[in-house]
Structure formats: C-alpha cells, structure tokens
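We did not get these values from a lab; they are worked out from the coordinates using the rules stated. Remember, it's a predicted structure, so these values are computed and weren't measured experimentally. Cβ placement follows ideal geometry from the backbone for every residue including glycine, while neighbour counts extend to all protein chains displayed.
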Amino acid sequence: MRRIKPGNTINRPRPQGPRRVVEEPYKINQKIRATEVRLVGENIEQGIFPLQQAIEMAQAQSLDLVEIVPNAAPPVCRIVDYSKFKYEQKKKQKEIKAKTQKVVLKEIRFGPNTNEHDFDFKLKHAKEFLAEGAKVKAYVHFVGRSIVYKERGEQLLQRFAQALEADAKIEQAPKLEGKRMFLFLAPKAVKK
C-alpha cells in the first residue's frame, strides 16, 4: 500500500462534463405518445390500431414500432428493425446529397471604360465558365466619378449578354446597386 504525504494529491481522473445526448430522429415503442397509430409495412395487417396493441404486434415479431410520420392523424408507424431502418435512412440521405449539384458562381469584373481586347478576353473566360456548368456574375464597377457613365456600363453588360446568347440565358438583367451594375447569366440546359 502506498503512503501519501500530507499536501500531495492523488491523481484521480477528472469528472467529465455532461455528455452530449444524441437525440433519436424517430420515436420508437414506448416513446410514441399517440393513443392510436396507423400501421404500414410488410408482413402485417395494415390499419389503425391502439398503441399498446401495435407495440405487442412488434414485440411478437422481435422488432420495433417506429413512428415515421408523426404529424399525420393518427401518426403512421412501421414495424421494423430500428437499427436497420436508421442505417437505410442514412444511406438514402447520402445518395440524395451526392446527387445534388453544387452551383458554382464565377465573377467577371468590368470597368465602364473596358476596351475591346479586355472585353473579348473576359468573354472567352465567361464561355469557358458556362461550358463547365457554372453561373456567371458579370458586373461593372464604378470607381469615383465614373458613376456618371452608367449608360456605358449598361451597354457593356447588354453587349456581353448578347455575345453569350448561344451559351447562356439571362437570369437577372443589368441592375445598378450602389457602385456596381450586375448581370447574372446561367448556362443553357445541355440537350442529351
């Protein structure tokens, strides 16, 4: 046995803070608060049953009663293996997330006095962005007193949109906000 001198402390594990409780996304078995439930699924008689009878039916099959549509009247429940059900739901969510397209927005900046060469250069880049499936936000930035050339900026953006007519559709026409005039273009749908 080890002796501890006065003043020394014993190294004890520190108590951890309250653990974060993970809330289940679905109510199961006794956590369902309705008096009646509508049962759906395979290998069962479908219909409206008292909650206790539905739980007994699930236990008879060694499965769980899972509330899948809580806002319905009465709530819709299914008799399934809960862990397998949760796994399938996560899998579906991943598939949905993978199928969603990420919209990329590319910006192209002009000045009100942009010359022809710069215009063509930026036009070429815009065509590349649209071919990749990205949206294009073209804007004319007015610095200082150049705000008096609003018409030039609008004409420049109109010419830009006309040059890209074959590759893009206008999502938002030229619009002045503060010291910038914006034009939004989206790629035309690719025909398969």
For this session: Mind putting together the pair-distance distribution for the range 131-176? All Cα pairs, 5 Å bins, whole percent per bin, short to long.
Result: 4, 20, 29, 21, 13, 9, 4, 0
For this session: Report the net charge of residues surrounding T114, where surrounding means a beta-carbon distance below 15 angstrom and charges are Lys +1, Arg +1, Asp -1, Glu -1.
Result: +1
Problem set entry | Members of K150/K179; K106/K150; K99/K137; K122/K169 lying beyond 20 Å, as alpha-carbon distances in this model show | K106/K150; K99/K137
For this session: Springs between alpha-carbon atoms under 10 Å, Gaussian network over the chain: tell me which of R180, R145, R159 tops the mean-square fluctuations.
Result: R145
Exercise. Using alpha-carbon positions, what is the distance between the centroids of the range 64-94 and the range 37-53, in Å?
Worked result: 14
Exercise. Which whole-angstrom value gives the distance between the alpha carbon centres of the range 135-191 and the range 113-128?
Worked result: 12
For this session: Specify whether the C-alpha gyration tensor of the chain places it in the rounded, prolate or oblate class, a ≥ b ≥ c being the square roots of the eigenvalues: rounded for a/c under 1.5, otherwise prolate if a/b is larger than b/c and oblate if not.
Result: oblate
Seminar exercise, completed: Non-local residues with an amide H under 5 Å from the amide H of E36, with H modelled 1.01 Å from N and Pro and chain starts lacking one, are L51
Seminar exercise, completed: Quick calc, the chain, dipole around Cα centre from Cβ unit charges on Lys, Arg (+) and Asp, Glu (-), nearest 20 debye, gives 1280
Problem set entry | Ordering of 31-44, 98-111, 126-139 by burial proxy (mean other Cβ atoms within 10 Å per residue, highest first) | 126-139, 31-44, 98-111
Exercise. How long are the three semi-axes of the equivalent ellipsoid for the range 105-187, computed from the Cα gyration tensor as the root of 5 times each eigenvalue, in whole Å, largest first?
Worked result: 21, 13, 10
